[in-house]
1. For Arg29, work out the one condition from (1) out of contact with any Pro (no Cβ under 6 Å at 6 or more places or on another chain); (2) surrounded by fewer than 20 Cβ atoms within 10 Å (Cβ to Cβ); (3) assigned to a helix (DSSP H, G or I); (4) at pLDDT below 90 it doesn't fulfil.
2. Looking at (1) of a type outside the set (S, T, N, Q); (2) in a helix (DSSP H, G or I); (3) without any contact (Cβ under 8 Å) to a residue 60 or more places away in the chain, which is the one condition that is false for Val164?
3. Check whether at least one residue in the range 128-139 is free of Cβ contacts under 8 Å to residues at least 40 places away in the same chain, over 19 Å from Lys35 (Cβ atoms) and not hydroxyl-bearing (Ser, Thr, Tyr), and report yes or no.
4. Run down Leu198, Leu154, Leu194, Leu175 and say which single residue is more than 14 Å from the chain's Cα centre (by Cα), assigned to a helix (DSSP H, G or I) and touching a residue at least 24 places away in the same chain (Cβ under 8 Å).
Amino acid sequence: MLSGLTHWIERRPALHRVALRLWRLFPPRLAGLLKRFMARDWIVGAVGVLIDMSRSPPEVLLIEHSYRRRGAWGLPGGSLESMPQRPRVATDAGLPDDVLERTMEREILEELGIGVTGIRLLRVDAMPFVEEEPGSNRLDFYFVCQPAMGYEALRRQIDSGAFVARSPEVTSARLVPLTELERYDLYSPHARLLQIDLPRLRPQLAV
């Protein structure tokens, strides 16, 4: 029921903005508990890792979320909520094989107005505890991809101030050198990928 209410609110921009401002006021434990009710057992994330390896040091696209007081900065993407254990309507219809890739691609386009190409799975990470949202169990699928417009065009948009996010959930976006990640209040699951896992995954980024 809460999941349906969430989707109903998201389709109404003015109400969505008000809900995001209210959500920001919730204590982290309450926010995590509400997310757990909305997503049942697990929140399944489809996350985009856009890293410009042609730069030295490489730069990663980070976005600032309006609804988080802690861990506001992170990678773009979205969630595919787990299904209830007992669906009310039986169906033989399955999900497409690339449902996670499509979720990530759609969320990045809807929130940032950026198309992506070259999508490849980089890592799957399970986190039973998320510091910013206690009570939420996360299973995140991280996909390497590139902006369809190219990194230079994206960089020009961001640096000139021409880049404008399409969603009220996103406050700003930046291409951040990997050596400067410590300056940002990173969402802990994404911080783990970028600061702990990424060094050993670097060979996969060059493929």
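1. All conditions are met except number (1).
2. Going through (1) of a type outside the set (S, T, N, Q); (2) in a helix (DSSP H, G or I); (3) without any contact (Cβ under 8 Å) to a residue 60 or more places away in the chain one by one, Val164 breaks only (2).
3. Looking through the range 128-139, none of the residues is free of Cβ contacts under 8 Å to residues at least 40 places away in the same chain, over 19 Å from Lys35 (Cβ atoms) and not hydroxyl-bearing (Ser, Thr, Tyr).
4. It is Leu154.
Quick grid of which residues meet (1) modelled with pLDDT of 85 or more; (2) under 17 Å from Pro189 (Cα atoms); (3) buried (at least 17 other Cβ atoms within 10 Å of the Cβ):
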site: Arg12; (1), (2), (3): yes, no, no
site: Val49; (1), (2), (3): yes, yes, yes
site: His65; (1), (2), (3): yes, yes, yes
site: Leu80; (1), (2), (3): no, yes, yes
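The values are calculated or read from the model by the stated rules, or taken from the named source; none is laboratory data. This is a predicted model, so every value here is computed, not measured. Using ideal geometry, Cβ is built from the backbone for each residue, glycine included, and neighbour counts are taken over all protein chains shown.
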